[in-house]
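The values are calculated or read from the model by the stated rules, or taken from the named source; none is laboratory data. Since we're looking at a predicted model, the values are computed, not measured. Here Cβ is always computed from backbone atoms with ideal geometry, including for glycine, and neighbour counts include all displayed protein chains.
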Amino acid sequence: MSLSSTLHRLWSFPGGIKLDGNKSLSNHQAITTAQLAKQLIIPLSQHIGHPAEAIVSVGDKVLKGQVIGYANGPVSAPVHASGSGIVTAIEERLIPHPSGLSALCVIIDTDGYEKWIECTPLIGNSVGTSAGTNEASAQTLSSLSSAQINEQIANAGIVGLGGALYPSAAKLRTAKKMHTDTLIINAAECEPYITCDDVLMRRRPEEVILGILLIKKVVGAKKCLIGIEDNKPEAYQALLTAISGYEIPNTEAQIEVISVPARYPAGGEKQLIQVLTGREVPSQGLPMDIGIICHNVTTAVAIYHAVYRGEPLISRIVTITGGAIRQPQNMEVPLGTPIRDILNQAGLDEDKIEKIIMGGPMMGFSLPSIDTPVTKATNCILVSEKDELATPPPAMPCIRCARCSDSCPMSLLPQQMYWYAKARDLEKVQDYNIFDCIECGCCSYACPSNIPLVQYFRYAKTEIWDDERERNKANIARDRHEFRLERLEKAKAAKAEAARLRKEKLAKKKALDAEKAKNEENSSEIESSSSKNKSSDNTDLIQEAIARAKAKKAQQQSQKKNTDNLSAAQQKKIDEVNKRRQKRAGTEKLQP
Amino acid sequence: MLAGILAFVALATFFGLVLGLAAVVFKVESSPVIDQIDALLPQTQCGQCSFAGCRPYAEAIAAGEAQINLCPPGGENLVQSLADLLDVEVIPLGDNDDDLFQGPIVAVIIEDTCIGCTLCIQACPVDAILGAAKQMHTVIESECTGCELCVPPCPVDCIEMIPVKQTLKNWRWPVPQYSVNNKQAETIFTTLKHVLAENT
C-alpha cells in the first residue's frame, strides 16, 4: 500500500475563526470507564428519522446488547440495551435536547452481571478479541460482500457519531448506489474542549483504520483521506504508525492521513471536503453529489466493533471537561447512563458550576437537566466555571460592519438573513440560502454588537419547517373538505333522484291500475256474457275462502298462548283477571 | 426616403406579428386571485370569519366584500401575507381578545361520556371524526383542524379542545431575546459622547 502523508495539496474554506482549543484539559489521560449506573434511561429516538419501536415490555429481562427497539422505516436505527437487567418502565423521560422536552425511553434497572447477548462477528481476527464471541461464522474482509457488512452495520444501530446522527447504513447504501469514489474521514474535531476523537485515535488507532477499511469496502471508494487538525500531532502520528504497521488486505487501498490547519470550523463536513479536495458541495446538496462520502472517526470505530466483534452501538466516548470538573477526562460511557453519574465520577465541583453544556461551546446547547441520559449524540459535557465562557452582553443594534459575512464559512450574508429572520420574512430569508447555514456560530462570535445571529437562523429554520407543515396540513384539510362537500352534494342528488324515481313508479303504477281496472271491467263484461257458470264458480270459491279465513281467525282467538301446564294458582289468577275484565266491560257499556 | 419608410413598415409588421404570435402561444394562465387567497388561508373551515368555510371567505375577500383580518387561526402572519398578495394596508387582527388565536388545538372526545349520537360527525367539516350510531366516536387527531364546530352540537358535552402536544418533531426554537438593556445603552451613549467631546 502506498503512503503519502505529507505531500498533499490543501485548499482553504472562506471565513472561519481562530479559537482557543482548550483541549489539553482532557486529551492526555487514558480513556476511563464509567461505573455501571443503577438505572439506564435509553431514548428510542437517538437518530435522525423515525424513532425506534420498543419490542420489550415492562418486566422483561434483557441482556447487554439485546435489541430493545427495532428500526422503524428505511431511515431509522435500532436501539440496544446497554446493560443487562430488567425493564422497569417504558415512559416519557427528559432527554438531552435544547427544547427541554421529554421523549419515549426504555428504563432498565441494571442487575450488575453485565451478561452479554451472544455476539456474531463477521470477521474473527480482531485486535484484542473480547471473550465470548462466536467466531465460527467469521470470515475475512475480502470474502465479505458490501451488503453483508452494511446489514451488520444497520443491525448494530450505528448512526453518524460526529453529530449528524444520520443512520450510517442508509447513508452507505445511498453512497454505494451513487458510485462514490472518495471517502473522507472527519477527524478534525475543530470545536474547543472536545477531545473524544483525539483520544480515540491516540489510544485505538488500529480500530480506526480497520473501521475505515470496512467503510471503504461497503462504499467501494477508491481513495480515502483522513482529515485531522494540526493541533493533534499525537493522534496524527498514531494513525500513521497504525497504517504502516498494518498489512492491509486490499492492495488498492490507499489511505492518506492529512493534517489540516486548525481553524474553526474545519471539522464541518463541507469545509473539510473543501480543504482536502478543493471541491465545494453544491448549495443544499450532499457530498455524494460530487462523489464524496464523509464519516466521522468515532463512527468508523463503531463499525469496526459491529463487524469484528459483533457488538452493537451501546457505548461511546464522552469528553467530560470544563473548569468545574476536577478531573477532566474522556470516559467510555454506556448509552443511557445519567449525565449526573458521569459528572460525579469525574469530580463535579458543585460550587463552581456556571453552565452545563452538551457539545462544545460553539455549537452545543445548555442541558435542561443533568438527570438526562448520555445518548449516541453526546460527545462532550462541558461544565464551565464562572468567566470561563464569555456570557454575551445584551445585544446592540446591527451596525452593518459585515464581520459576520467575513467569518461565514459558507459565504452567506448573515446580516441580511438576520434582518429578514427578525421580521419573520421567511421567503426572503430563504432567498438568502438560510438552509446552507451550518449553524457553526462564527457570525455570532464575530459580531461586535453581540447579536445572537445563529439563534435567529435556528429560529427561522424551525419557523420555515413549521410553516411547511402547516401548509401541508391545510392542503389535506382543503382536500378533505372539498371531498366532503362533493360527497354531501352527491348524497343529496342521489336522494332527489330516488324520490323522483319513486314518484315516477307510483304514477306508472296508478296508470297501470287504472288500465287494469278498465280491462277487468271489460273482461268481466265479456266473461259475464260468455260464461256465467265460470263466474258463479268463482264467487263460490271466494265465499269458501272467506269462510275458511273466518274459521281460522276464530280458532286463533280462542287459542290462548302460554296457557298449557298452568299451575292452580296461575289458573286462579287468570280467572280473576277474566272476571274483572268482564265486569269492566259491563260497566263500560253502562257508562256511555 | 421611400425605402426608409418601407423598411420601417416591414420591420414593424414583422415584430408585430412575432409579438402577436408570442402573446397567443406563450400565454400565461395566471391562477385566479381566489385560488391564491384560498391557498393562504389555514383551511380550518371553522367559520369564525362568519363565512361558511375558507373558500367562501376567499371568494368574499376577492369580491371586496370582506376584510382581510377576520381569520383568527391564520393570525397576524396571514393578515400580513394577504396584505402582501392584495397590495392593501395591514389591519390589526380582530377587535377583542377572544379572537386571538391561542395556538393550535385539536378536539378530543371523552369516550366514557360519548353516547354515539353522530351529531359531531355531521358537523365536522373535514370528516375527521370516526364512529357510527350508538358506537363510540373518536377524533382522528392528525386530520383535526381544531375548528371547534363539533363542540356545540354534542348533547352530552363530551368534546374537549386541547392544545396540540409539543413533540420533538414540531418543536420550534424560540425567538431570540433581542433587548438592548436601557441602562447599558445609556452608559454606552454617555461614553461615546465623552469620547466625541474629547476628540473635538
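Taking region B:44-55 as the range and being within 14 Å of chain A (Cβ to nearest Cβ) and farther than 25 Å from B:S142 by Cβ as the test, only B:F51 passes.
Taken together, the residues in region A:469-505 that are more than 9 Å from every other protein chain (Cβ to nearest Cβ) and more than 30 Å from B:Q166 (Cβ to Cβ) amount to 19. The helices (runs of 4 or more DSSP H) found wholly in region A:396-470 and carrying at least 1 residues that are within 30 Å of B:T187 (Cβ to Cβ) occupy A:403-407, A:414-422, A:442-446.
The residue that is nearest to A:S366 (Cα to Cα), among those in region A:459-468 that are surrounded by fewer than 19 Cβ atoms within 10 Å (Cβ to Cβ) and facing chain B (nearest Cβ under 9 Å), is A:T462.
Candidates are the residues of region A:373-388 that are among the hydrophobic types (A, V, I, L, M, F, W, C) and in contact with a strand residue (DSSP E or B) (Cβ under 6 Å, 6 or more places away or on another chain); the one that is nearest to A:E354 (Cα to Cα) is A:V383.
Residue by residue, here is whether (1) part of a strand (DSSP E or B); (2) under 23 Å from the mean Cα position of the chain (by Cα); (3) modelled with pLDDT of 95 or more; (4) not hydroxyl-bearing (S, T, Y) holds:
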| site | (1), (2), (3), (4) |
| --- | --- |
| A:D289 | no, no, no, yes |
| A:T299 | no, yes, yes, no |
| A:A302 | no, yes, yes, yes |
| A:Y308 | no, no, no, no |
| A:G323 | no, no, no, yes |
| A:Q327 | no, no, no, yes |
| A:E350 | no, no, no, yes |
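Return yes when A:I317 is touching a Cys at 6+ places or on another chain (Cβ under 7 Å) and among the aliphatic types (A, V, I, L, M) and no when it is not. Taking the combined requirement at face value, the residue satisfies it.
Among the candidates A:S444, A:S449, the residue that is within 13 Å of chain B (Cβ to nearest Cβ), of a type in the set (G, A, S) and in contact with a Cys (Cβ under 7 Å, 6 or more places away or on another chain) is uniquely A:S449. For region B:146-172, the set of residues classified as surrounded by fewer than 14 Cβ atoms within 10 Å (Cβ to Cβ), of a type in the set (A, V, I, L, M, F, W, C) and within 16 Å of B:I105 (Cβ to Cβ) consists of B:I162, B:V164, listed by residue number. Within region A:112-122, does at least one residue satisfy the condition of being among the small types (G, A, S), over 20 Å from A:I212 (Cβ atoms), modelled with pLDDT of 85 or more and surrounded by fewer than 22 Cβ atoms within 10 Å (Cβ to Cβ)? Looking through region A:112-122, at least one residue is among the small types (G, A, S), over 20 Å from A:I212 (Cβ atoms), modelled with pLDDT of 85 or more and surrounded by fewer than 22 Cβ atoms within 10 Å (Cβ to Cβ). Count of region A:182-237 residues, restricted to those that are more than 29 Å from the chain's Cα centre (by Cα), free of Cβ contacts under 8 Å to residues at least 40 places away in the same chain and over 30 Å from A:V383 (Cβ atoms), is 1. Figure legend. Inter-residue proximity from region B:60-76: first residues in the same structural domain as B:P42 (by TED's automatic domain parsing), second residues surrounded by fewer than 19 Cβ atoms within 10 Å (Cβ to Cβ) and hydroxyl-bearing (S, T, Y), beta-carbon distance below 8 Å, spacing 6+ or different chains. Indicated pairs: B:L70/B:S50.
What tally of residues in region A:402-423 results from selecting those that are more than 30 Å from A:L94 (Cβ to Cβ) and either of a type in the set (F, W, Y) or within 12 Å of chain B (Cβ to nearest Cβ) (or both)? Reasoning before the result, please.
If we filter region A:402-423 for residues that are more than 30 Å from A:L94 (Cβ to Cβ), which is where we start, we get A:402-420, A:422-423.
With the extra rule that they be either of a type in the set (F, W, Y) or within 12 Å of chain B (Cβ to nearest Cβ) (or both), the set shrinks to A:418-420, A:422-423.
Matching residues across region A:402-423 total 5.
Scanning region A:372-401 for residues that are among the hydrophobic types (A, V, I, L, M, F, W, C), in contact with a Pro (Cβ under 9 Å, 6 or more places away or on another chain), buried (at least 17 other Cβ atoms within 10 Å of the Cβ) and within 14 Å of another protein chain (Cβ to nearest Cβ) turns up A:A377, A:A395, A:M396.
Considering region A:143-170 alone, what residues qualify as being in a helix (DSSP H, G or I) and surrounded by 18 or more Cβ atoms within 10 Å (Cβ to Cβ)?
A:I149, A:N150, A:Q152, A:I153, A:A154, A:N155, A:S168, A:A169, A:A170, listed by residue number.
Just to be sure before I move on: is A:A77 crowded, with 23+ Cβ neighbours inside 10 Å and either among the acidic types (D, E) or farther than 27 Å from A:I370 by Cβ (or both) in the structure I sent? Here the answer is no, as A:A77 does not meet what is asked.
I need the full set of residues from region A:73-114 which are touching a strand residue (DSSP E or B) at 6+ places or on another chain (Cβ under 6 Å), within 14 Å of chain B (Cβ to nearest Cβ) and not hydrophobic (A, V, I, L, M, F, W, C), in order please. Selection gives A:E92, A:R93, A:P96, A:P98, A:S102. Surrounded by fewer than 18 Cβ atoms within 10 Å (Cβ to Cβ) and either among the aromatic types (F, W, Y) or under 30 Å from A:P51 (Cα atoms) (or both): does that describe B:V175? For B:V175, the condition - surrounded by fewer than 18 Cβ atoms within 10 Å (Cβ to Cβ) and either among the aromatic types (F, W, Y) or under 30 Å from A:P51 (Cα atoms) (or both) - is met.
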